[in-house]
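Structure, as structure tokens:
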Amino acid sequence: MGAETTSFLDSAIMLLYLVATSFFILGIKRLGSAATARSGNQLAAIGMLLGVAVTLFDQQILRYEWIVAGMVLGGLIGAVLARSVAMTSMPELVALFNGLGGAASALVAWGEWERVGAAGLGPDALVTIGLSLLIGSITLTGSLMAFGKLNGFITGKPITFPAQNVLTVVLMVGMLVASGLFAWNPSIEMLFWIILGGSLLLGVLTVLPIGGADMPVVISLLNSYSGLAASMAGFVLNNPLLIVSGALVGAAGLILTNIMCVAMNRSLLNVLFGGFGGGDSSPAMEGAGPATDMIIKETSADDIAIQCGYASKVVIVPGYGLAVAQAQHVVKEVATLLEQKGVEVLYGIHPVAGRMPGHMNVLLAEADVPYDQLYDMEQINSEFSTTDVVLIIGANDVVNPAAKSNPGSPIYGMPVLNVQEAGRTIVFKRSLKPGFAGIENELFGAEQNQMFFGDAKKSLQDLVRALKENE
């Protein structure tokens, strides 16, 4: 009877793990659309709650005090962060989440090695402990470097030194060799600490030479790393749910990384070792003039209100400058006023607009912008030729015609929004300072372009006032 009961419980636990995994898969699927992302996040959260509950029961833990304390403390911190962190700081928060995920996986490997000891671990367990430690540690320090670059206390420019790429590759190979030796002969305790220390250093060396222009790719890649580290930790603990969920996150992160690379016309190796980009779009950087003798035409809120009021179609292209100014609600008010005048309003979203994948979509969703007005790059590019006015708010590199017309440009070949095909483009920007890529935007001097200088939120508020006066 005891054996039958144990068998039944084992089967029930595996079934519940399967149910939790199904919630994860459905959640990730629904995260692919802005309209279903909220419910997708909820489904994934339910799956995680079920998985945690089943794991606690499965492991037959006798004392739950520390676990409950950790859950309460972590939940409290998470709730405070969710309510207090500004939308503009969300990329930094995601970077920290990735780092904490990697740290947790590395700590699981460390704890299991300390608990069981080298003599009680088989070769398969030693391999996964080494990989969990390696990937988790790289994710931790790499994410901390990404956080520093995004937050501004580490320069967004590539930080390089002679033979850096060679050192990084040699160190990576060395850590893989050390992981293999650790699995072959775990009695050499020093190998464990070599893997830990070398991997932490490798995370720093991997991210420091990457410029600010590539931060969306870095974040999605580190997200993949955190998933792979979690999957390795699942093998260490022999937990199928952790294995599957980690693999799902790892695969999703790699797919997203590839999408980001395609959107920038860059290979992943070029991102990691190219040292491209790094211009700082900080609001403090104002007053810089153009590098060439472009003829810059300025405009005013009243003039923009007249042009947009008589237009049949207006496309709004948001960028990180809109996020910095926290102007998403004002831009929604502009769109509403234009729609009341009978103007068709659409939003063009470039895959790498902002500081992380999907940043602009989340920002606009917060302002209750209708999902069916959000067009990705492939959809919106066919609309520009029939568009009267394009309002480019805080975007730069993603609308630079040099990507198509100038073979000597560093971003040549990068897919961009074809805003130059519209009848009029109006760029809302603090100055003529280059964006993250650190190069001049040829659109600023184009015949059909006008510049509206100033803080994005204040400029849009002036436009709202002008639209209301022209009713």
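Between the helical axis of 65-84 and the longest alpha-carbon principal axis of the chain there is an angle of about 0 degrees. In the chain, the longest principal axis of the Cα atoms and the axis of helix 123-151 are about 30 degrees apart.
Here the mean projected area of the convex hull built on the C-alpha positions of the chain is 24.9 nm². Counting only residues 5 or more places away or on other chains, whose amide H sits under 5 Å from the amide H of K313 once H atoms are built in the peptide plane? Result for K313 returns E344, D388, V389. Placing one equal scatterer on every Cα of region 118-162 and applying the Debye formula, the log10 ratio I(q)/I(0) at q = 0.15, 0.17, 0.19, 0.33 Å⁻¹ is -0.56, -0.62, -0.68, -1.04. Once you reduce region 28-55 and region 443-467 to the center of their Cα atoms, the two points are 40 Å from each other. Per the Debye calculation on region 12-84 with a single equal scatterer at every Cα and no solvent contribution, log₁₀ I(q)/I(0) for q = 0.13, 0.15, 0.27 Å⁻¹ amounts to -0.50, -0.64, -1.09. Once the dipole of the chain is set up with Lys and Arg at +1 and Asp and Glu at -1 on Cβ about the Cα centre, which of M14, P434, G423 lies farthest towards its positive end? Value computed over the given set: M14. Throw me the Rg/Rh for region 133-184, computed over C-alpha atoms with Kirkwood Rh, two decimals. Using only Cα positions, Rg/Rh for region 133-184 is 1.09. What you get for the chain, charging only the Cβ of Lys and Arg (+1) and of Asp and Glu (-1), is a dipole of about 440 debye around the Cα centre. Taken over region 301-469, the alpha-carbon convex hull comes to 100 cubic angstrom per residue. Applying 0.36 nm per residue to the separation of V262 and T386 and subtracting their alpha-carbon distance, the gain on full extension is 42.0 nm.
Only one residue of M356, V52, L346 has its Cα farthest out toward the positive end of the dipole of the chain, where Lys and Arg carry +1 and Asp and Glu -1 on Cβ, and that residue is V52. Between the Cα long axis of helix 328-340 and the first principal axis of the chain there is an angle of about 50°, rounded to the nearest 10.
Calculate, in whole percent, how much of the Cα-Cα pair population of region 44-151 lies beyond 18 Å. Show your work: numbers first, answer last.
Working: 3751 of 5778 pairs.
It works out to 65 percent of all Cα pairs.
What is the Cα radius of gyration of region 93-278 over 2.2 N^0.38 Å, N being its residue count? Don't skip to the end; give the middle numbers.
Working: Rg = 16.3 Å, N = 186, 2.2 N^0.38 = 16.0 Å.
For region 93-278, the normalised Cα radius of gyration comes out at 1.02.
Ranking G227, I129, L31 by how far each Cα lies toward the positive end of the dipole of the chain (charges on Cβ) leaves I129 at the top.
Only Cα pairs under 8 Å and 6+ residues apart enter the sum, and on that basis the relative contact order of region 402-471 stands at 26 percent. Converting phi to 3J(HN,Hα) with the Karplus coefficients 6.51, -1.76 and 1.60 and the offset θ = phi - 60°, region 101-109 yields x, x, 4, 4, 5, 5, 5, 4, 4 Hz in sequence order, with x at every glycine or proline. Relative contact order, whole percent, for the chain stands at 14, derived from Cα pairs under 8 Å and 6 or more residues apart. At q = 0.13, 0.18, 0.24, 0.25 Å⁻¹ the log10 of I(q)/I(0) for region 295-357 amounts to -0.42, -0.77, -1.12, -1.15, computed by Debye summation with a single uniform scatterer per C-alpha, solvent ignored. Between the amide H of F428 and those of I392, I393, G394, F452, distances stay under 5 Å, these residues lying 5 or more places away or on another chain, with hydrogens modeled in the peptide plane. Listed by chain and number, the aspartates and glutamates placed with their C-alpha closer than 15 angstrom to that of K332 are E344, E366, D368, D372, D462; residues fewer than eight positions away on the same chain are left out.
Can you compute the charge dipole magnitude of region 301-469 about its Cα centre, using +1 on each Lys and Arg Cβ and -1 on each Asp and Glu Cβ, nothing else charged? Give it in debye, rounded to the nearest 20.
Values: 13 positive and 20 negative charges, 88 e Å.
Once rounded to the nearest 20, the dipole reads 420 debye.
Pairwise Cα distances in region 86-143 exceed 18 Å in 42 percent of cases.
Values in this text are rule-based calculations from the coordinates and carry no lab data. No experiment lies behind these values; they were computed from the predicted model shown. Here Cβ is always computed from backbone atoms with ideal geometry, including for glycine, and neighbour counts include all displayed protein chains.
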